[in-house]
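I have placed the structure first, in the form of structure tokens, so that the comments after it can refer back to it.
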Amino acid sequence: MSNPTMRSSDLVSAAGAKRPTKADVVIIGNGALGMFLADELIERQVGSVVVVGPSNRDTGASQAAGAMLGCFGETTTESLRTDAARTRFELGISAHDKWPEALRRLDEFKPSDRPLQTTTESHIILNSVGAELDTVNFAAIIDALDQYDKPWKEVDPTDIPGYNPRTESRALRAIHLPTEGAVDARGVLASLERRLRHGGAILLDQTVRRLVGSDEAVTGVELDDGHLIEAGAVVVAAGIHSESLVRTVFDVPDLMPTFPGLGFAMIAKRTGGEPFTSVVRTPNRGFACGLHVVPQGGGLEYYGATNRLVNTISSVTWMADVRFLAQYSMQQLDERAAIHEVTKWCSGNRPVTLDGFPLVGWMPPSGLYLMTGTYRDGFHCAPLLAEHVANELQGKSGIIDSIFQPMRKPVATRTMEWSIDEYVTHSLAAWFETGAQAAPQMTTSQLTDYYRNMAVQTYEQLGVDYGLGPDILWYAQGNLHGARRVARFLRTFKGDGDVAQPAGATTGTGGTR
Amino acid sequence: MPAYQPSVADTVRSLVTKQLNLNGYSQDLRPDDNLWSLGMTSLTCLGLMLSIEDTFEIELPEEALKEATFRSINTISAAVESSRK
Ligand SMILES: Cc1cc2nc3c(=O)[nH]c(=O)nc-3n(C[C@H](O)[C@H](O)[C@H](O)COP(=O)(O)OP(=O)(O)OC[C@H]3O[C@@H](n4cnc5c(N)ncnc54)[C@H](O)[C@@H]3O)c2cc1C
């Protein structure tokens, strides 16, 4: 397979031209991935760069993100259990090291006096609201910190600045991570825009309707109004919209499906009490990313976040999610949040792949590159992925593992039995977290049996032999559309020994520490 | 009643019988009986949908992926017929 790489002789002088008809690289998508990639390409002065994406970034994940620069805070019992998962985890560790330079570049372009990095530290709390899953993930975080020799210390939860939960939801344990903070996602995106314009990139406030070319070669893009741009390389970085764009030229059954992980968060102005000065969060929770508050600067705080896999990409918010987030922020983080003033409702779609791993690499049609599938830490990984993709576009070697190649079989990290157990654990966690009530005589083991039966039956009906993650299993079980996509894709590999592997599967080249 | 090939309805009947474990009662199943009242759940409906698509080698349109489509042998057969056109 040959893919065009950029040569200086190919340079097209697009600067100044509002609507170029040619560019060395067209990046589709103006989220964190597309914007950091454009920035890296401009920094390397490798040619003309056009970024296409609507300025409101509606339905995008990056504009809604909490932008915690978290990798240890995100650890779960799954993170280091298999080589493949470890490889994914270490992507986060490498990404962390890229942020000081990324922020240094952006600092002079920030849109206001507010710092882009809003905090450099995190506190992880363990309260009893989140069921057993919280406990095991809390232990997994500490274990990972120790394995990688990262600093942490146990602290008295009452000493965490700003932390003021209701008594019945108070944390019994907490740890302090002095090197894991957060950035202001919206500030970073605005700074990137300014820096890109300054550097000569062209940002088009439009959408791409389709890729131009065939399943053998992609030669450009067609915008929503029919305008064509010819390109040496087209990078699809359109988040949850990426798959459908790729399918405009390359509609094959074994292209990994991505599902919208619709998430909701809100930004509120603190009206009193001691502010949070660090990220304060629970471990990752049932099907989601845990409850957290992220200081935003200027008296603002970000409260997040929900996650539900849905059929349709939209920027709606479920009333249940509003209740969930508001109620639990007040109960579990700061009871004074009740009178904070909500200044922004954030809603966006995480790009969730069927196997949970990102999709980054050249596609079979030459000239077409895909970068998406980052799920819940794509903001954090963006500067690292930008460097990797810029290398590959220039024909140099990449800096991340080849496991993330987009045209792969789904990465197998669990057996069916493991998948069922995990689904049960997540379902129980979600049950208790949301305050669901059962008749007093109904025990947790009866609830366990109920969820186990659901999972077993779902697999029977789907007729697949690949161990799904708990979120995907929940989604497939809940609707016909989702089930069909999951079943159709997995059936293209059915009976293929490479896909279903036992727990401890050793795909990828995760470190051996 | 929509005009459809009897063979479609027969095939649908046998898939429904198998999926809902109605063996032995298959003859009593009328074409417009409500399958949801006969014990079909969202999960068994999921399996039924996949087996219908596999058997008839069709892809039901997105708008057909809803409870009402799978209400009875009649409604399923109608959906199959229109997908085959
Ligand atoms: C509520 C929430 C909280 C999160 N918190 C964190 C966090 O704390 N830390 C973290 O690292 N990650 C977090 N994430 C995940 C993170 O946001 C994503 O992994 C990452 O932002 C994905 O970036 P992206 O650029 O691939 O996609 P997106 O941000 O979705 O960007 C894609 C862009 O493409 C544009 N687009 C779509 N279609 C087209 C088209 N046809 N033509 C042109 N442009 C198009 C969209 O408008 C959008 O702006 C969170 C996500 C959500 C939803």
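Data overview
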| item | result |
| --- | --- |
| CD proxy at 222 nm, helix term only [per DSSP H run n ≥ 4: -39500 (n - 2.57); per residue of chain A; nearest 500] | -10000 deg cm²/dmol |
| CD proxy at 222 nm, helix term only [per DSSP H run n ≥ 4: -39500 (n - 2.57); per residue of chain B; nearest 500] | -15500 deg cm²/dmol |
| C-alpha center-to-center spacing [region B:7-83, region A:395-464] in angstrom | 28 Å |
| For region A:416-491: relative contact order, % (alpha-carbon pairs under 8 angstrom, 6 or more apart) | 41 percent |
| Sparse-neighbourhood loop sites, trypsin sites (Lys or Arg not before Pro) in region A:331-388 - DSSP loop, at most 14 other Cβ within 10 angstrom | none |
| Cα-based Kirkwood hydrodynamic radius, the protein assembly as shown, one decimal, Å | 25.5 Å |
| Those GluC sites (Glu not before Pro) in region B:1-68 that DSSP places in a loop and that have at most 15 other beta carbons within 10 Å | B:57, B:59 |
| Solvent-accessible surface (1.4 angstrom probe) belonging to residue A:451, in square angstrom, nearest 10 | 40 Å² |
| Estimated Rh, region A:416-491: Kirkwood, alpha-carbon pairs, angstrom | 12.9 Å |
| Heavy-atom accessible area ranking, 1.4 Å probe, most first, across A:293, A:322 | A:322, A:293 |
| Per-pair calculated FRET efficiency, R0 = 25 Å: residue A:120 and residue A:271 via Cβ, rounded to 0.05 | 0.45 |
| Residues in region B:34-63 occluded by at least 10 Å² - accessible area, probe radius 1.4 Å, against chain by itself | B:42, B:43, B:44, B:45, B:46, B:47, B:49, B:50, B:53, B:54, B:59, B:62 |
| The protein assembly as shown: antiparallel DSSP beta bridges as a percent of all, rounded to 5 | 70 percent |
| Region B:44-85: C-alpha gyration tensor shape, a/c 1.5 cut-off, then a/b vs b/c | rounded |
| Accessible area buried between chains B and A, both sides summed, probe 1.4 Å, in Å² to nearest 100 | 1300 Å² |
| Two-site label geometry, residue A:492 and residue A:345: point separation in nm, points 7 Å out along Cα→Cβ | 3.7 nm |
| Region A:351-379 versus region A:187-203: alpha-carbon centroid distance in Å | 23 Å |
| Chain A - percent relative contact order, Cα under 8 Å, separation 6 or more | 22 percent |
| Per residue solvent-accessible surface (Å²) - the protein assembly as shown, probe of 1.4 Å | 40 Å² |
| Solvent-accessible area, 1.4 Å probe, carbon plus sulfur percent, for chain B | 48 percent |
| Label-to-label distance, nm, for residues given as residue A:335 and residue A:448 (7 Å Cα→Cβ offset) | 3.4 nm |
| Additional length obtainable on full extension of the chain from residue A:56 to residue A:210, 0.36 nm per residue less Cα span | 53.4 nm |
| Accessible surface of region A:416-491 [probe 1.4 Å, protein heavy atoms]: carbon and sulfur percent | 57 percent |
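The values are calculated or read from the model by the stated rules, or taken from the named source; none is laboratory data. Nothing here was measured: the structure is a model prediction, and the numbers come from that model. Cβ sites come from the backbone with ideal geometry, for glycine too, and all protein chains shown count toward neighbours. All accessible areas refer to the heavy atoms of the entire protein, side chains included, with ligands and DNA or RNA removed. Shrake-Rupley method; radii C 1.70, N 1.55, O 1.52, S 1.80 Å.
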